[in-house]
1. Looking at F277, F285, F248, which is the one that is over 17 Å from G190 (Cβ atoms), in a strand (DSSP E or B) and of a type in the set (F, W, Y)?
2. If a residue has to be more than 20 Å from D257 (Cβ to Cβ) and crowded, with 16+ Cβ neighbours inside 10 Å to count, how many in region 142-165 make the cut?
3. Which residues, taken from region 197-207, are closer than 20 Å to Q334 by Cβ and over 16 Å from the mean Cα position of the chain (by Cα)?
4. Of all residues in region 52-65, which are over 16 Å from A20 (Cβ atoms) and assigned to a helix (DSSP H, G or I)?
5. Looking for whichever is crowded, with 20+ Cβ neighbours inside 10 Å and more than 30 Å from R35 (Cα to Cα) here; the options are T262, T269, T251, T219. Which one fits?
6. Can you pull out the residues in region 202-245 that are polar (S, T, N, Q) and not in a strand (DSSP E or B)?
7. If we keep just the residues of region 298-314 that are out of contact with any Phe, Trp or Tyr (no Cβ under 6 Å at 6 or more places or on another chain) and surrounded by 20 or more Cβ atoms within 10 Å (Cβ to Cβ), which is nearest to S271 (Cα to Cα)?
8. Does A286 count as hydrophobic (A, V, I, L, M, F, W, C), surrounded by fewer than 18 Cβ atoms within 10 Å (Cβ to Cβ) and either modelled with pLDDT of 95 or more or over 30 Å from Y50 (Cβ atoms) (or both)?
Amino acid sequence: MKITTLFSVVMLSLLLPAQAAVMLIYHHVASDTPRVSSVTADELRGHLQYFKDHNFQVIGLDVLIRQLQQGEAIADNALVISFDDSYENNFSTAHPILQEFGYPYTIFISPGSIDKRDGPLLSWAQVKQMSDDGVLVANHAMWHEHMAKPDAGESAQQWRERMKQSILQAEDAIERHTGQRHQWLAYPYGEYSRELEQLVSELGFIGIGQQSGAIGNHTVLTRIPRFPAAGQYANLKDLAQKLKTLAFHITDDHKVDPVISTANPPTLTLSMQVADFHPAQLQCFAGSEVIKPQWLNDSTFSVTATKPVPRGRSRYNCTAPSVSKKGYYYWYSQPWLNQP
């Protein structure tokens, strides 16, 4: 091969955007539930029709997880649908619509909450019917509890044992009622910590968050991102842009911990491959505030908000337009939990 031809091939490979998938998270499908976590039946149908009309490849989460674990290629138009929190309207309203389109999807359930009938939740008979219909049923912790850090007065070891039991008891209950055992944990409220990630990994589980972002072959499998598709994010114009996102190739996250224990505002430092975007076009946001990243070298930047992040959950979002794939953006979201 001529040197010039080899150089062209190498340069082309560097400019090819990372293959990426997008996973969406829904909760309620109803018109009489809190808007912030809801889509109406018509909105859900509109989303699914959009996926069909624009040739998105809607795949099961099992397919995506296998591709990630085995390093297989991911189609740029791959899309995964998921539901959290065990709501009954997932069965009565969402399930028939998804069946019409023939789309696979996953529900993340909390078995203890179902046992207690803690709200308008699915029954085990409904869960079993959905499972029999091909729905993937997975773990959302036993009681939908806050999992990221110990409760007041609880030692780190006590917390760790309690989280272990919650995860394993929920997985056992799901297997007992449906025969399914995937070992995927969707963190309740999207809250996690480095310690929880370590436990999830030790147990052989995949961890799934609620922070935004695309999914690529270098995505960390204890914090897979998902885009919200309900409430203000149900608008198709907004959702369509999120479907055209790519995953940054992060090479080092510098041990960032979502749980804020000292410095607030926190600093996010990331090292990444910089090939398909211009560093000068990287933008980061803390809520509505635009925060300018500081490049420490050719591949590492840090970013810090000018104000402390509020109590509860918040995020830094960083995006950059792709050079080679017009209209697509690289997207990374760092969740923060400020809960003294």
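The values are calculated or read from the model by the stated rules, or taken from the named source; none is laboratory data. The structure displayed is predicted, hence computed values, not measured ones. Cβ: placed from backbone, ideal geometry, glycine included. Neighbour counts: every protein chain shown.
1. Values: F277 fails: in a strand (DSSP E or B); F248 fails: in a strand (DSSP E or B).
Among F277, F285, F248, only F285 is over 17 Å from G190 (Cβ atoms), in a strand (DSSP E or B) and of a type in the set (F, W, Y).
2. Of the residues in region 142-165, 3 are more than 20 Å from D257 (Cβ to Cβ) and crowded, with 16+ Cβ neighbours inside 10 Å.
3. Here is the first cut: in region 197-207, the residues closer than 20 Å to Q334 by Cβ are 197-198, 200-201, 206-207.
Correct list: Q198, S201.
4. Selection gives K52, D53, D62.
5. Values: T262 fails: crowded, with 20+ Cβ neighbours inside 10 Å; T269 fails: crowded, with 20+ Cβ neighbours inside 10 Å; T251 fails: crowded, with 20+ Cβ neighbours inside 10 Å.
Only one candidate qualifies: T219.
6. We begin by selecting, within region 202-245, every residue polar (S, T, N, Q); these are 210-212, 217, 219, 222, 232, 235, 241, 245.
Within region 202-245, Q210, Q211, S212, N217, T219, T222, Q232, N235, Q241 meet the criteria.
7. First, the residues of region 298-314 that are out of contact with any Phe, Trp or Tyr (no Cβ under 6 Å at 6 or more places or on another chain): 298-300, 302-308, 310-313.
Filter again for surrounded by 20 or more Cβ atoms within 10 Å (Cβ to Cβ), leaving 303, 305.
Working: V303: 12, A305: 18 Å.
This residue is V303.
8. Details: hydrophobic (A, V, I, L, M, F, W, C): yes; surrounded by fewer than 18 Cβ atoms within 10 Å (Cβ to Cβ): no; either modelled with pLDDT of 95 or more or over 30 Å from Y50 (Cβ atoms) (or both): yes.
So A286 fails the test.
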